[in-house]
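Below is one structure, written out as structure tokens; comments come after it.
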Amino acid sequence: MEQFIQQLVNGISLGSIYALIALGYTMVYGIVKLINFAHGDVFMVGAFIGFYSITFLHLGFFPALLISMAACALFGVLIERIAYKPLRNATRIAALITAIGVSLFIEYGTIYIRGAQPEAYPNNVVPLKSIELFGVKISGQSILILAVSIFLMIVLQFVVHKTKIGKAMRAVSHDQDAAKLMGINVNNTISATFAIGSALAGAAGVIFGMYYTKIEPLMGIIPGLKAFVAAVLGGIGIIPGAMVGGLLLGVIEALVSALGGSLWRDAVAFIVLILILIFRPAGLFGKNVREKV
Amino acid sequence: MRKRKLAGIFMSLMVAAGVIAGCSESSSGGGGGSDKGGEIKIGANLELSGGVASYGQSIKEGIDLALDEINKDGIDGKKVKLVTFDNKSEAPEAINGATKLISQDKVSAIIGSATSGNTKAQVEIAQSNNIPLLTPTGTAADVTVKGGKLNDYVFRTCFIDPFQGTVAAQFAAKDLKVKTAAIFIDSSSDYSKGLADSFKEKFAKEGGKIISEEAYVAKDTDFHSQLTNIKGKNPDFVFIPGYYEEVGLIVKQAREVGITVPLMGADGWDSPTLVDLAGKDALNNTFITNHYSSGDDDAKVQEFVKAFKAKYKDKSPDAFNALGYDSAYFLADAIKRAGSSDPKKIQKALAETDGLELITGVMKLDKNHNPIKAAVILEYKNGEQQFKTKVNP
């Protein structure tokens, strides 16, 4: 029983990182119907910015997190303006292929600049003791990850539902042309969406670095794909869906490993994706909208 | 697809041409091994640049130091001349290097390369030209044996991978006196599986019991689930034969989930990056097996460390330095006993090596040309490797 709870805690820690990345996927998809495959690489860039803020600028965890989020927000907007905006009226497949191109460009650009060798996050950034709860050992870092993730998600819900820009985002995602007619600046709204999504990915990068220590230029690929699965699992384009999808995927992976199938972990993640696509194409939270012929 | 196929055919033609060229030239040159002007030429085909440049450079430093000492008196009055070739850490270049060293430079033997892969690339050329090939650090079992048949011109100075598993099991059972162990392997690596197999066999023989076996795949970053499983079984000891990139994270996460028992690995752990990844505290109470330690109190080792520091600005020699140094002595000893620079006689003398005292232990070859010699156990204390003990097979 203790072991089961311990595995659940492992899964939730992993899942909250997936959830943070999945939010960016889902927001961007919701607003421009683009699967931004470069999103996992923004996560990687965020991890490196956090790392350099901590090692070279000698900042603590929270300042590094904020710097990384700000820099990633800027980076996300830049990607959107340079790579995706000119293609906004092109076919969906053209934009998708561009996204893959941007992803490879960021990965290998990073390798070109700093080399492919991994880097280790310093261990003493957050000197938290682990605590024992009913015989379950929970590391201070897991708790911090969970707290930061939940906090960021609440902030996101607030922004989307209670602010003007959130209202604009919802309007644009509902109907771009109508929103434009209502006087909403669509370009700025899309930029804001990329900025928020990328900032969350940057935060996930710093948290990942702190929790798992090792960061390297290709680290974004697998978490990026998993987060994509999580976003689809919850229903792509739906914000609460991404959170639940991320946590669920993390827990599923941890339990698969716990049952002795650690080598099947990644396979199970993608089997879940396939099953969802077959039985509930719109995801757990999605409404099944019948297309008119 | 078609382009790739064509490129493949072209490549294989190139390789074949290289091999044929090598054969014909060396046969006209009388099987290599000239001793013009009282000197014996040996080749070094090493990774001096490219991905694993640090391995090749370290080996070269060791060889250079050894040759300085050997050439003070020479071997029966003859000086040894080293011809170096940089294979850029790539197998095709290693093939080119072997061909060049044999056909143009007419060396009596080749030392190299650092990795098993680059050494295996040269095996065919060495075999068909009857030139001894000695790898200082190629630890894969199939370097000297191919398809159950011995490559009789191929030798190595290091012990092979599975041996480290045996040593680790012996150390765990006899020195740490543990009864139960868990194994956590990288299922995508032959190195890891080989070590785990030999560990299991020896540990069972010593009366121990393996109570948990978990696996991961290289490049994974999250090991909490498997480690939680291991912790649930409460083993006295965990054996983790892997490479430092993952092991660093495993050690850190193992301590996080509350595994406090000794952890142990092999030479795959040996990198400064391990300490960065795992953290100094998490690494306490962990052990590794290795070829050599500069902290070994053996007089011969200390003499070597002193000589090495004198030549290389106070740099402390690592295992690659020591194995490079030993390779030169291993070869020099065989040349002396052969009494000639004839590659065939050197091959025979190398195979008959028994009881040669080297820095990395007393050398004796088994029937597969694998050295049987001591391994050292190192313990991590506050992020520093400390010499713990030496285990003889």
Dimensionless Rg over Rh [the range A:38-127; C-alpha; Kirkwood] | 1.06
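Using a cut-off of 9 Å between beta-carbons, work out the net charge of the residues near B:Ala282 (Lys and Arg +1, Asp and Glu -1, B:Ala282 not included). If you can, show how the numbers build up before the last one.
Numbers: positive: B:Lys252, B:Arg255, B:Lys280; negative: B:Glu256, B:Asp281.
Neighbourhood net charge equals +1.
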So if we plug the beta-carbon distance of A:Tyr108 and B:Lys344 into 1/(1 + (r/R0)^6) with R0 = 60 Å, what FRET efficiency do we get, rounded to 0.05?
-> 0.75
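Extension gain B:Lys78-B:Val217, at 0.36 nm per residue separation less the Cα-Cα distance, in nm?
Values: separation 139, 0.36 × 139 = 50.04 nm, distance 5.16 nm.
The span from B:Lys78 to B:Val217 would gain 44.9 nm if fully extended.
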Roughly what % of DSSP beta bridges within chain B run antiparallel, to the nearest 5?
-> 35 percent
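Find the Rg to Rh ratio for the protein assembly as shown, where Rh is the Kirkwood radius over alpha-carbon pairs and Rg uses the same atoms. All intermediate terms of the calculation are to be shown ahead of the outcome.
Numbers: Rg = 29.4 Å, Rh = 28.0 Å.
So for the protein assembly as shown, dividing Rg by the Kirkwood Rh gives 1.05.
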So, with points 7 Å from each Cα along the Cβ direction, the A:Tyr52-A:Lys85 label distance in nm works out to 2.4 nm
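Express the C-alpha Rg of the range B:146-255 as a ratio against the empirical globular expectation 2.2 N^0.38 Å, rounded to two decimals.
Numbers: Rg = 15.2 Å, N = 110, 2.2 N^0.38 = 13.1 Å.
Against the empirical 2.2 N^0.38 Å value, I get 1.16 for the range B:146-255.
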Using the eigenvalues of the Cα gyration tensor, what equivalent ellipsoid semi-axes result for the range A:144-293 when each is taken as the square root of five times the eigenvalue, whole Å, largest first?
-> 30, 21, 13
Quote the Stokes-Einstein diffusion coefficient, in whole µm² s⁻¹, for chain B, based on the Kirkwood radius over alpha carbon pairs, a temperature of 20 °C and a viscosity of 1.002 mPa s.
-> 98 µm²/s
Farthest positive-ward along the protein assembly as shown dipole, Cα basis, beta-carbon charges - from A:Tyr121, A:Met153, B:Thr137 | A:Met153
Long-range amide H contacts for A:Phe285: which residues qualify at under 5 Å (H placed 1.01 Å from N, peptide plane, sequence gap of 5 or more or a different chain)?
-> A:Gly235
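Using only alpha carbon pairs under 8 Å that are at least six residues apart, calculate the relative contact order of chain A and give it in whole percent. Write down the numbers at each step before the final one.
On the way: 479 pairs, mean separation 109.2, N = 293.
Averaging sequence separation for qualifying contacts and normalising by length gives 37 percent for chain A.
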Among B:Lys200/B:Lys231; B:Lys209/B:Lys367; B:Lys88/B:Lys306; B:Lys300/B:Lys345; B:Lys219/B:Lys315; B:Lys149/B:Lys364, which pairs are too far apart, with a Cα-Cα distance over 26 Å?
-> B:Lys209/B:Lys367; B:Lys88/B:Lys306; B:Lys300/B:Lys345; B:Lys219/B:Lys315
Per the 1/(1 + (r/R0)^6) rule, R0 = 22 Å and r from the Cβ atoms of A:Lys287 and A:Ala178, FRET efficiency to 0.05 is 0.65
From the backbone phi of the range B:344-349, what are the Karplus-calculated ³J(HN,Hα) couplings (6.51 cos²θ - 1.76 cosθ + 1.60, θ = phi - 60°) in whole Hz, Gly and Pro given as x?
-> 5, 5, 5, 4, 5, 5
Considering the zone a paramagnetic label at B:Tyr312 would reach in this model (a point 7 Å from Cα along the Cα-to-Cβ line), which residues of the range B:54-85 have amide N under 14 Å from it?
-> B:54-68
For the range B:259-393, what proportion of DSSP beta bridges, expressed in % and rounded to the nearest 5, is antiparallel?
-> 85 percent
Please list, in chain and number order, the residues 5+ apart from B:Lys364 or on another chain whose amide H is under 5 Å from its amide H, with Hs placed from the backbone.
-> B:Gly355, B:Ile372
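At a Förster distance of 45 Å, what's the computed FRET efficiency of A:Ile165 paired with B:Ser187, Cβ-Cβ distance as r, to 0.05? Please list the in-between numbers first.
Details: r = 48 Å, r/R0 = 1.07.
After rounding to 0.05, the efficiency reads 0.40.
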Relative to the longest principal Cα axis of chain B, at what angle does helix B:161-170 sit, 0 to 90 degrees, rounded to 10?
-> 40 degrees
Search the structure for amide H atoms under 5 Å from the amide H of B:Tyr216, placed 1.01 Å from N in the peptide plane, and list their residues when 5 or more places away or on another chain.
-> B:Ile185, B:Asp186, B:Ser187
Sticking to Cα atoms, compute the Rg of chain A to one decimal and its Dmax as the biggest Cα-Cα distance, whole number, in Å.
-> 18.9, 60
What order do you get for B:Tyr312, A:Tyr84 when you list them from fewest to most C-beta neighbours inside 10 Å?
-> B:Tyr312, A:Tyr84
HN-Hα J couplings of the range A:8-23 from phi, Karplus 6.51/-1.76/1.60, θ = phi - 60°, integer Hz, Gly and Pro as x?
-> 4, 4, 4, x, 5, 4, 4, x, 6, 5, 4, 4, 4, 6, 4, 4
In sequence order, calculated HN-Hα J values of the range B:102-114 (Karplus, 6.51, -1.76, 1.60; Hz; x Gly/Pro) = 7, 7, 8, 8, 6, 6, 7, 7, 10, 9, x, 9, 6
Helix B:319-338 sits at what angle to the longest principal axis of chain B, using alpha carbons and giving 0 to 90 degrees rounded to 10?
-> 40 degrees
Note to self, the protein assembly as shown gives a 222 nm [θ] from helices alone (DSSP H runs n ≥ 4, -39500 (n - 2.57) apiece, / all residues, nearest 500) of -18500 deg cm²/dmol
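Where both partners of a DSSP beta bridge lie in the range B:169-314, what percent of those bridges are antiparallel, to the nearest 5? List each step's numbers first, then the result.
On the way: 0 of 15 bridges.
Given both bridge residues lie in the range B:169-314, the antiparallel proportion sits at roughly 0 percent.
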Dipole of the protein assembly as shown, Cα-centred, from +1 at each Lys and Arg C-beta and -1 at each Asp and Glu C-beta, to the nearest 20 debye?
-> 1920 debye
On a 0 to 90 degree scale, rounded to 10, what angle separates helix B:2-28 from the longest Cα axis of chain B?
-> 50 degrees
Counting other C-beta atoms within 10 Å, which of B:Leu82, A:Leu200 has the fewest, and how do the rest follow?
-> B:Leu82, A:Leu200
Just give me a number: lysine pairs in chain A, eight or more positions apart or cross-chain, with C-alpha atoms less than 25 Å apart.
-> 22
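Each value in this text was obtained by applying a stated rule to the coordinates, not by laboratory testing. Keep in mind that this is a model prediction, so the values were computed, not measured. Using ideal geometry, Cβ is built from the backbone for each residue, glycine included, and neighbour counts are taken over all protein chains shown.
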